[in-house]
Amino acid sequence: MPDFLLELRSEEIPARMQAGARAELEKLFRREMDAAGVAMGEVTVWSTPRRLALIARGLPDGTKAVSEEAKGPPEGAPDQAVEGFCRKHGVTRDQLEVRDVKGRATYFAVIEKPGRATGELLAQAIPAIIRDFSWPKSMRWGDASIGTDSLRWVRPLSGVVALLGGDVVECEVHGVTSGAVTLGHRFHHSGDITIGDADDYALKLRAGHVIVDHEERAELIRTGAAQVANEAGLELVADEGLVVENAGLTEWPVPLLGRFEEDFLSVPPEVIQLTARVNQKYFVCESPDGKLANAFICTANIAADDGGARVVDGNRKVLAARLSDARFFWDVDRKKTLAQHAEGLERITFHEKLGSVAEKVERVAKLARWLVEEGIVKDADPDMAEQAARLAKADLVTEMVGEFPELQGLLGGYYARAEGLPDAVADAIRDHYKPVGQGDDVPTAPVTVAVSLADKLDTLAGFFTIDERPTGSKDPFALRRAALGVIGLVRSNELRASMYDLFYAALPEREGREIGRVAAADYLNDFFVDRLKVQQRDEGTRHDLIDAVAFMGGDDDIGGERDIVRLLARVKALQSFMETDDGTNLLAGYKRASNILKKEDWHGVEGEIAQTGEEDPLALVDDPDMKAVIDAKMSERHAKTLSYTPEPAEDALIQALATAEPAAATAVAAEDFAAAMAALASLRAPIDRFFEEVTVNDDSKPKRAARLDLLARFRAAVHTVADFSRIEG
């Protein structure tokens with residue numbers, strides 16, 4: 001069973017496109033082989049800047065002849081239908097067979113498909129692969145490019161090697177004819193390289209100074225760069241993305257170390273690293289003390305006779321020019337204070353409906369101070385929090401951030417420190433965008449937490465107020481990321497506050513906004529709970545249990561747990577409880593009780609109090625004291641209506657509730673949610689026994705009313721911990 005080699009050679013393929021091109025080549029090749037019914041073994045795909053290569057192992061010599069059947073119209077059908085069926089399948093009418101199908105004579109066409117040689121199939125597949133190849137960007141070239149139906153490729157296609165075993169698979173595409181000849185390294189090898197078969201492809205190209213395996217080139221760069229750094233007494237700053245990019249830029253990689261002037265180290269190290277990385281694709285190094293060294297590592301594409309001295313010198317000059325620009329920006333920016341830079345924020349529009357960045361800064365500064373003064377963010381100086389918030393966006397108008405927008409915030413911290421501002425303020429300016437994604441560091445310094453939280457809350461509040469909410473996969477203002485950032489800040493710092501209150505505080509009422517303050521806060525709260533469920537899913541937390549705690553007040557979201565720290569502690573205890581038999585059986589008893597109450601339209605004392613308008617419905621479900629009032633009224637009402645001797649199972653449930661209700665309420669108030677679940681667990685056996693032995697809908701109206709009240713009391717006791725109606729199962 002022969003192996004197949006395909007090489008598509010062209011001008012330089014951009015490094016960023018090579019991984020996608022490898023996947024595309026394999027996908028299209030498998031598509032063609034599957035369509036032809038050709039089985040194969042392992043498929044390997046390589047790339048260099050000038051070629052894509054695929055090796056498919058163990059292809060058969062050809063496909064077997066097959067016979068296919070197609071069911072046609074019944075006998076006696078119109079001639080037009082029968083003739084159309086024959087044309088479709090390439091047979092004549094006298095070749096049709098008549099078979100019985102459920103008692104009716106029906107025409108069948110038997111199509112014999114002869115086997116085909118694999119080489120013949122490949123000769124058809126190769127042009128199809130090239131024509132259908134998808135590139136992020138492509139071009140036409142040559143005389144044929146005047147027509148829109150001409151071939152498009154990432155760069156002009158110059159050669160095709162196609163070998164099945166040792167035989168050339170002959171094909172032609174866009175004037176390029178397949179063969180067995182390729183080219184080696186552009187500088188280290190001259191003349192053609194003739195490939196014998198798939199096995200000697202990599203070996204012959206290596207002799208021509210081309211390493212076709214991209215992963216091997218990456219490893220050479222990875223280890224070689226670390227080695228030359230170590231030889232200079234330095235440590236390489238690891239950068240896997242840069243390793244992959246340099247592997248895509250070279251066919252014969254040779255890492256070389258160079259030095260730049262120490263004077264440039266006065267520029268922030270992140271600027272130097274970004275300049276070297278983005279503009280020149282260089283690695284940087286650190287000295288033994290962990291500070292950035294005046295060294296860079298470039299990856300040459302040749303093994304120079306002078307050991308790379310001229311290559312290094314040329315790269316040093318280019319880097320020096322870049323670093324000179326960076327130092328100029330650094331010096332110019334420091335001629336102004338951050339407060340002076342901040343005046344320019346009035347010229348930058350944050351959003352046409354939300355005003356300028358200066359207006360956003362004003363909102364964030366007030367909110368940051370409020371967070372500290374309300375004690376939500378503890379141990380922070382409110383003046384420092386406000387000062388940091390007012391200066392946090394100032395670097396957006398600096399020359400350096402204009403050149404390196406990726407460093408916004410970070411550079412502001414450097415400018416603040418250079419200006420002599422307090423470290424807490426400088427750190428808050430530097431880190432106020434954090435966390436910006438999954439796995440990013442979450443700030444813990446109090447002033448930073450206040451500014452970061454205020455910034456994200458303002459962003460969420462502003463866009464929800466103008467009804468710019470995420471829809472489906474669209475989130476142009478990164479509001480989902482902002483919500484996850486708020487979750488990270490609140491959890492990591494154990495900030496104790498109602499999320500509704502935070503959103504409401506960030507939503508000052510203004511005219512001309514699409515959504516009012518209360519409505520926007522409600523939307524934000526629901527959105528936030530959805531983000532919390534997504535974030536918790538990776539930690540194995542059930543989404544329905546989050547709903548059961550977050551929406552304890554009902555569908556209108558009145559009440560419910562809004563303190564994230566307490567919510568997650570309650571959910572964790574609830575999930576542990578639901579994994580036990582007590583939890584499963586109590587849920588079954590709760591649902592049975594709720595179904596009976598719903599069917600009888602029985603609301604109990606809680607519903608009656610709410611319907612009278614004597615109390616705030618919010619208090620009924622969110623105030624522990626009001627819950628105690630409700631429980632007391634239920635107990636009192638139940639005692640008064642008992643004009644009969646309760647049955648043993650009924651009395652057992654009454655006694656169990658008398659113990660469990662206050663125990664659960666006390667435990668919830670103390671945030672001992674495990675104890676609250678234990679109190680609920682004590683109701684599991686009494687409620688099971690109650691349903692087994694007691695008839696709720698008794699013919700006696702007093703008994704029926706008392707027992708429905710008892711079930712309502714049981715339901716209210718369970719609701720002390722969570723809304724079990726939202727729990728699945």
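The values are calculated or read from the model by the stated rules, or taken from the named source; none is laboratory data. All figures in this text were calculated on a predicted structure; none of them were measured in a lab. Cβ: placed from backbone, ideal geometry, glycine included. Neighbour counts: every protein chain shown.
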*Looking at segment 524-559, which of its residues are among the small types (Gly, Ala, Ser) and either modelled with pLDDT of 85 or more or touching a helix residue (DSSP H, G or I) at 6+ places or on another chain (Cβ under 7 Å) (or both)?*
540, 548, 550, 553, 559
*When residue 488 is evaluated against the numbered criteria (1) closer than 21 Å to residue 520 by Cβ; (2) surrounded by 20 or more Cβ atoms within 10 Å (Cβ to Cβ), which criterion, by number, is the only one it fails?*
(1)
_For segment 381-444, give me every one of the helices (runs of 4 or more DSSP H) that falls completely inside it and has 2 or more residues that are surrounded by 21 or more Cβ atoms within 10 Å (Cβ to Cβ), out of contact with any His (no Cβ under 6 Å at 6 or more places or on another chain) and of a type in the set (Gly, Ala, Ser)._
382-391, 410-419, 423-431
*Of all the residues that make up segment 110-135, how many are at pLDDT 90 or above and either among the hydroxyl-bearing types (Ser, Thr, Tyr) or farther than 30 Å from residue 13 by Cβ (or both)?*
1
*Tell me which of these residue 294 doesn't satisfy, since it passes every other one: (1) closer than 26 Å to residue 430 by Cβ; (2) outside any strand (DSSP E or B).*
(2)
*Do we have any residue at all in segment 362-371 that's under 29 Å from the mean Cα position of the chain (by Cα), within 28 Å of residue 269 (Cα to Cα) and not small (Gly, Ala, Ser)?*
no
*Which residues, taken from segment 18-48, are under 16 Å from residue 212 (Cα atoms) and crowded, with 18+ Cβ neighbours inside 10 Å?*
18, 21, 22, 25, 45, 46, 47, 48
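When segment 297-317 is examined, which residues are found to be at positive phi and either surrounded by fewer than 18 Cβ atoms within 10 Å (Cβ to Cβ) or not in a loop (DSSP other than H, G, I, E, B) (or both)?
Passing the criteria: only 307.
Would you confirm, using the coordinates I've provided, whether residue 430 is under 27 Å from the mean Cα position of the chain (by Cα), modelled with pLDDT of 95 or more and more than 26 Å from residue 521 (Cβ to Cβ)?
yes
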*Looking at (1) at pLDDT 90 or above; (2) touching a Lys or Arg at 6+ places or on another chain (Cβ under 9 Å); (3) surrounded by 14 or more Cβ atoms within 10 Å (Cβ to Cβ); (4) not basic (Lys, Arg), which is the one condition that is false for residue 138?*
(3)
*Tally of residues being surrounded by 18 or more Cβ atoms within 10 Å (Cβ to Cβ) and among the aromatic types (Phe, Trp, Tyr) across segment 641-659*: 0
_Just to be sure I understand, how many residues within segment 457-481 are in contact with a Lys or Arg (Cβ under 9 Å, 6 or more places away or on another chain) and either closer than 21 Å to residue 501 by Cβ or of a type outside the set (Lys, Arg) (or both)?_
12
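Assess whether residue 465 counts as being farther than 18 Å from residue 271 by Cα, buried (at least 19 other Cβ atoms within 10 Å of the Cβ), in contact (Cβ under 8 Å) with a residue 40 or more places away in the chain and touching a helix residue (DSSP H, G or I) at 6+ places or on another chain (Cβ under 6 Å).
Values: farther than 18 Å from residue 271 by Cα: yes; buried (at least 19 other Cβ atoms within 10 Å of the Cβ): yes; in contact (Cβ under 8 Å) with a residue 40 or more places away in the chain: yes; touching a helix residue (DSSP H, G or I) at 6+ places or on another chain (Cβ under 6 Å): yes.
Yes; evaluated as a whole, the condition is true for this residue.
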*asked:* Considering only residues that are surrounded by fewer than 19 Cβ atoms within 10 Å (Cβ to Cβ) and hydrophobic (A, V, I, L, M, F, W, C), which ones fall in segment 141-156?
replied: 141, 144, 146
_Being under 21 Å from residue 434 (Cβ atoms) and not in a helix (DSSP H, G or I) is the requirement here; does residue 495 meet it?_
yes
*From 670, 675, grab the single residue that is under 45 Å from the mean Cα position of the chain (by Cα), within 27 Å of residue 551 (Cβ to Cβ) and exposed (fewer than 15 other Cβ atoms within 10 Å of the Cβ).*
670
*residue 695 being on the phi < 0 side of the Ramachandran plot, polar (S, T, N, Q) and buried (at least 17 other Cβ atoms within 10 Å of the Cβ)*: no
*What number of residues in segment 49-103 are surrounded by 18 or more Cβ atoms within 10 Å (Cβ to Cβ) and assigned to a strand (DSSP E or B)?*
7
_Single condition residue 259 does not satisfy, out of (1) surrounded by 15 or more Cβ atoms within 10 Å (Cβ to Cβ); (2) modelled with pLDDT of 95 or more_ = (1)
*For segment 634-722, which fully contained helices (runs of 4 or more DSSP H) count at least 3 residues that are of a type in the set (Phe, Trp, Tyr)?*
none
*If residue 117 passes every condition in (1) in contact (Cβ under 8 Å) with a residue 24 or more places away in the chain; (2) more than 30 Å from residue 70 (Cβ to Cβ); (3) in contact with a strand residue (DSSP E or B) (Cβ under 9 Å, 6 or more places away or on another chain) but one, which one does it miss?*
(2)
_Go through (1) surrounded by fewer than 24 Cβ atoms within 10 Å (Cβ to Cβ); (2) within 15 Å of residue 377 (Cβ to Cβ); (3) not aromatic (Phe, Trp, Tyr) for residue 502 and report which single condition fails._
(1)
*Lone qualifier among 517, 496, 562 - being in contact with a strand residue (DSSP E or B) (Cβ under 7 Å, 6 or more places away or on another chain) and at pLDDT below 85*: 562
_Only one of 177, 148 that is touching a Cys at 6+ places or on another chain (Cβ under 8 Å), over 20 Å from residue 26 (Cα atoms), without any contact (Cβ under 8 Å) to a residue 40 or more places away in the chain and of a type outside the set (A, V, I, L, M)_ = 177
